[in-house]
Amino acid sequence: MKTIIRFDHVSKVYGSENTEVRALSDVNLTVEAGEYCAIMGPSGSGKSTAMNVIGCLDRPTSGSYYLDGVDVAQLNDQELAHIRNRKIGFVFQQFHLLPQLSAMENVMLPMVYAGIPLPQRQQRATEALTRVGLANRLNNRPNQLSGGQQQRVAIARAIVNQPVLLLADEPTGALDSHTTQEVMAIFAELNASGITVVMVTHESEVARLTRRVVWFRDGQVIHPNLSPTNLAQVTVAAV
Amino acid sequence: MDILESVKMAVKTLTANKLRSTLTMLGIIIGNASVITMVGVGQGAQRYASSQFESLGPNVLFVIPGSSESRNRTLDAPRTLTLEDAKAIATQVPTVSGVAPQLQTQQAVVYSNRSTSALILGTTPDFSSVRTFDVANGRFISDLDVQRGTRSVALGPDLAKSLFGASDPLGQTIRIKNISFQVIGIMEAKGAFLGNNQDDVAYIPLSTMSDQITGNTSPYGTEVTFISIAARDENSVGAAQFQITNLLRLRHKIVTDDDFTVRTQKDALEVVGNVAGALTIMLAAIAGISLFVGGIGIMNIMLVSVRERTQEIGLRKAIGASQDDILVQFIIEAIILAALGGAVGTLIGVGGVTLVSMVSPLKASVSPAAVMVAVGVSSGIGLFFGVVPARQAAKLDPIVALRSA
């Protein structure tokens with residue numbers, strides 16, 4: 001099986017000597033292709049920092065991070081941008097759609113940066129939006145869509161460049177329980193079709209719908225492979 | 001990402017916020033319009049003044065009292081130039097073909113119950129040939145008139161019309177300063193010179209003027225306001241200027257500072273060119289400052305815009321925009337604003353120049369150089385003032401940018 005994420009003694013330190021904060025401390029972590037995993041932990045546990053490093057938005061202070069076999073720590077800004085564009089699809093809590101663009105145009109944006117010609121962009125954006133059930137909302141602006149629909153547009157945007165990793169940061173944090181179910185169903189379906197999904201969440205109901213939970217505390221992975229089904233006991237024990 | 005995509009994206013962003021984009025462009029629009037209008041007007045003024053001096057003819061010289069320095073110090077010209085100087089020039093300077101001393105004053109002119117104020121110009125017969133003023137009807141002042149101090153007057157056509165209307169003025173008697181003059185001739189229309197109407201003038205013999213109208217006001221003899229001189233031909237103007245200067249220095253017993261100035265048409269054109277050139281530069285500088293201020297306006301709005309669009313920038317970076325992509329995007333936005341503002345400003349400027357040339361005698365025209373400079377400069381300003389905000393945007397940390405909700 002192919003390894004998508006490999007943290008090899010990764011540390012992330014913020015601030016200078018006196019005000020040093022160790023957000024990640026010697027973390028080892030592996031995520032294989034096709035996994036569906038949730039990163040959990042109390043606030044300040046380092047799960048957001050881990051997320052940023054995984055998403056190539058931030059570089060580790062020490063240690064190596066291999067994404068799809070490439071040591072990301074060695075890459076410059078241009079190369080990191082390229083990796084984010086081709087290998088990673090981001091979904092955020094606040095959707096982060098551009099308000100002046102239609103659903104279609106929002107989904108086409110990553111392909112613009114990838115230099116894909118317009119006809120192909122339109123075709124692939126339409127396919128992606130159809131896949132998340134928004135085939136009839138192609139030309140709506142974000143403010144003409146509900147929260148759940150906006151998050152589905154964001155998911156379509158994340159998968160349109162066929163990334164190896166779908167990375168979601170509290171993807172249901174701004175949604176009610178009904179739309180949360182809808183969005184989680186889409187993640188499950190995407191994972192079933194072979195996409196590796198990693199999401200940061202603090203909602204155990206959401207984490208329960210994944211297949212693996214990684215538990216962070218004090219900048220370290222204290223449970224690398226929890227079963228989502230007996231999460232409740234572990235959560236209490238871990239905190 | 002290719003440039004065309006960046007431009008499309010910038011247009012989309014700018015049209016999403018039309019009011020702000022328009023207001024941002026306003027500074028550049030005004031700056032550009034004023035550069036083009038000001039330079040057009042400045043050059044129009046230069047061309048107008050030059051054409052006026054050129055109409056004098058290339059072999060005309062003027063002697064005016066006072067050095068160019070002393071005339072800068074006071075409004076009242078020194079009374080150092082006399083009729084005797086003019087006579088000496090006429091008889092002793094070989095390269096001169098005509099000398100027309102002039103003594104002038106503004107006076108009321110009366111015919112029966114009509115009265116008007118006009119320029120009274122005492123001169124000699126040479127005036128008509130030196131300054132190419134032709135007689136339409138009757139005759140101009142003769143040598144005899146000057147010798148005897150006759151009370152004869154030749155009228156400019158406008159003055160004749162305002163005194164006599166449609167009736168024939170020849171042989172009629174008018175009164176200047178309560179002295180009767182007989183009308184001996186009517187001049188051809190000549191038009192305005194630097195804004196002064198040359199047709200609203202009464203010409204009388206110089207001797208009559210100094211004896212009866214102004215009185216002898218100079219301690220050196222019969223004062224004249226200035227002397228118009230015709231050189232024999234265009235090539236002898238330089239020699240004439242030299243000879244006249246030497247002659248007057250001798251006559252005025254000058255050791256150090258001249259109390260007169262001999263000016264050729266070329267000198268006058270040069271002065272006009274200098275003055276108008278300075279005027280144009282000054283106008284262009286003022287307009288350039290407003291263009292600069294417009295650029296600062298763009299930078300200001302762009303900086304605010306970067307701050308406002310922090311999340312957008314973070315998102316773009318997360319989905320694959322490099323620092324260069326963001327930099328280029330913001331710079332293109334700035335350039336579009338500046339170039340579009342420049343184009344609109346140019347149109348307004350062209351309109352302004354056309355308006356000026358329609359309502360004033362200034363033959364203002366749109367200078368292609370000014371248009372090119374203004375449009376180039378405004379695009380450059382967009383680039384220059386766009387760089388700072390664009391760099392700020394490009395350097396934004398995507399994590400911070402995305403979390404700033």
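Scan region A:95-114 for residues that are open to solvent by less than 10 Å² (accessible area, probe 1.4 Å) and either under 11 Å from A:ALA154 (Cβ atoms) or at the interface with chain B (Cβ under 8 Å from one of its Cβ atoms) (or both) and the total you get is 6.
This table checks each residue for (1) in the same structural domain as B:ARG131 (by TED's automatic domain parsing); (2) of a type outside the set (S, T, N, Q).
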| site | (1), (2) |
| --- | --- |
| B:SER180 | yes, no |
| B:VAL183 | yes, yes |
| B:MET187 | yes, yes |
| B:LEU194 | yes, yes |
| B:ASN197 | yes, no |
| B:ALA202 | yes, yes |
| B:SER207 | yes, no |
| B:SER210 | yes, no |
| B:ALA230 | no, yes |
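Among the residues of region B:142-154, some residue qualifies, meaning at least one is under 25 Å from B:GLN52 (Cβ atoms) and open to solvent by less than 30 Å² (accessible area, probe 1.4 Å).
Residue check: is A:GLY63 within 9 Å of another protein chain (Cβ to nearest Cβ) and assigned to a strand (DSSP E or B)? Answer is no for this residue. On the given criteria, is B:SER115 assigned to a helix (DSSP H, G or I) and open to solvent by 10 Å² or more (accessible area, probe 1.4 Å)? Here the answer is no, as B:SER115 does not meet what is asked.
Of B:LEU347, B:LEU327, B:LEU303, which residue is open to solvent by 10 Å² or more (accessible area, probe 1.4 Å) and closer than 16 Å to B:GLY40 by Cα?
Working: B:LEU327 fails: closer than 16 Å to B:GLY40 by Cα; B:LEU303 fails: closer than 16 Å to B:GLY40 by Cα.
So the residue among B:LEU347, B:LEU327, B:LEU303 that is open to solvent by 10 Å² or more (accessible area, probe 1.4 Å) and closer than 16 Å to B:GLY40 by Cα is B:LEU347.
Restricting region A:38-53 to residues that are within 11 Å of A:VAL200 (Cα to Cα), open to solvent by less than 10 Å² (accessible area, probe 1.4 Å) and assigned to a helix (DSSP H, G or I) leaves a set whose member that is farthest from the other protein chains (Cβ to nearest Cβ) is A:ALA50. When region B:287-331 is limited to residues that are within 49 Å of the chain's Cα centre (by Cα), in contact (Cβ under 8 Å) with a residue 40 or more places away in the chain and within 14 Å of another protein chain (Cβ to nearest Cβ), the one that is farthest from A:GLU79 (Cα to Cα) turns out to be B:SER305.
Is at least one residue of region A:68-80 at pLDDT below 90, outside any helix (DSSP H, G or I) and open to solvent by less than 50 Å² (accessible area, probe 1.4 Å)? Within region A:68-80, one or more residues are at pLDDT below 90, outside any helix (DSSP H, G or I) and open to solvent by less than 50 Å² (accessible area, probe 1.4 Å). Please enumerate the residues belonging to region B:80-94 that are in contact (Cβ under 8 Å) with a residue 40 or more places away in the chain and assigned to a helix (DSSP H, G or I). The answer is B:LEU83, B:GLU84, B:ASP85, B:ALA86, B:ALA88, B:ILE89, B:GLN92. Number of residues in region B:191-248 that are closer than 15 Å to B:ILE141 by Cβ and in a strand (DSSP E or B) equals 6. At least 3 residues being open to solvent by less than 10 Å² (accessible area, probe 1.4 Å) and either of a type in the set (Phe, Trp, Tyr) or closer than 29 Å to A:ILE83 by Cα (or both) is the threshold, and among the strands (runs of 3 or more DSSP E) wholly inside region A:142-239 those reaching it are A:165-169, A:196-200, A:212-217.
Of all residue pairs spaced 6 or more apart or on separate chains, those with beta-carbon atoms under 9 Å, a first member in region B:225-244 that is under 16 Å from B:LYS87 (Cβ atoms) and a second member that is of a type in the set (Ser, Thr, Tyr) and in a helix (DSSP H, G or I) are B:ALA230/B:SER129.
Got a sec? Which of B:ALA287, B:ALA278 is modelled with pLDDT of 85 or more and in a helix (DSSP H, G or I)? Reasoning before the result, please.
Details: B:ALA287 fails: modelled with pLDDT of 85 or more.
On inspection, the qualifying residue turns out to be B:ALA278.
Mind listing whichever residues of region A:13-42 are within 16 Å of A:ARG217 (Cα to Cα) and free of Cβ contacts under 8 Å to residues at least 60 places away in the same chain? A:VAL13, A:VAL21 - these are the residues of region A:13-42 that are within 16 Å of A:ARG217 (Cα to Cα) and free of Cβ contacts under 8 Å to residues at least 60 places away in the same chain.
For every residue, the table says whether it meets (1) part of a helix (DSSP H, G or I); (2) at pLDDT 90 or above.
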residue: B:VAL99; (1), (2): no, yes
residue: B:GLN106; (1), (2): no, no
residue: B:VAL109; (1), (2): no, yes
residue: B:LEU121; (1), (2): no, yes
residue: B:THR132; (1), (2): no, no
residue: B:ALA136; (1), (2): no, no
residue: B:PHE140; (1), (2): no, yes
residue: B:ASP145; (1), (2): yes, yes
residue: B:ALA154; (1), (2): no, yes
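Taken over region B:192-246, the residue count meeting the criterion of being acidic (Asp, Glu), out of contact with any Pro (no Cβ under 7 Å at 6 or more places or on another chain) and over 30 Å from B:ALA108 (Cβ atoms) is 1. Please find, within region A:72-87, the residue that is farthest from the other protein chains (Cβ to nearest Cβ) out of those that are closer than 26 Å to A:TRP215 by Cβ and over 16 Å from the mean Cα position of the chain (by Cα). Filtering region A:72-87 for residues that are closer than 26 Å to A:TRP215 by Cβ and over 16 Å from the mean Cα position of the chain (by Cα), the one farthest from the other protein chains (Cβ to nearest Cβ) comes out as A:ALA73. Residue selection: A:VAL31 fails the criterion of being open to solvent by 20 Å² or more (accessible area, probe 1.4 Å) and among the hydrophobic types (A, V, I, L, M, F, W, C). Would you confirm whether any residue within region B:398-405 is surrounded by fewer than 24 Cβ atoms within 10 Å (Cβ to Cβ), part of a helix (DSSP H, G or I) and away from chain A (no Cβ under 14 Å)? No, that holds for no residue.
The values are calculated or read from the model by the stated rules, or taken from the named source; none is laboratory data. Computed from a prediction, not measured in an experiment: that's the story for all the values here. Don't worry about glycine lacking a Cβ; one is built from the backbone with ideal geometry, like all the others, and counts go over all protein chains shown. These area figures cover heavy atoms from the full protein model, side chains too; ligands, DNA and RNA do not enter into them. Shrake-Rupley method; radii C 1.70, N 1.55, O 1.52, S 1.80 Å.
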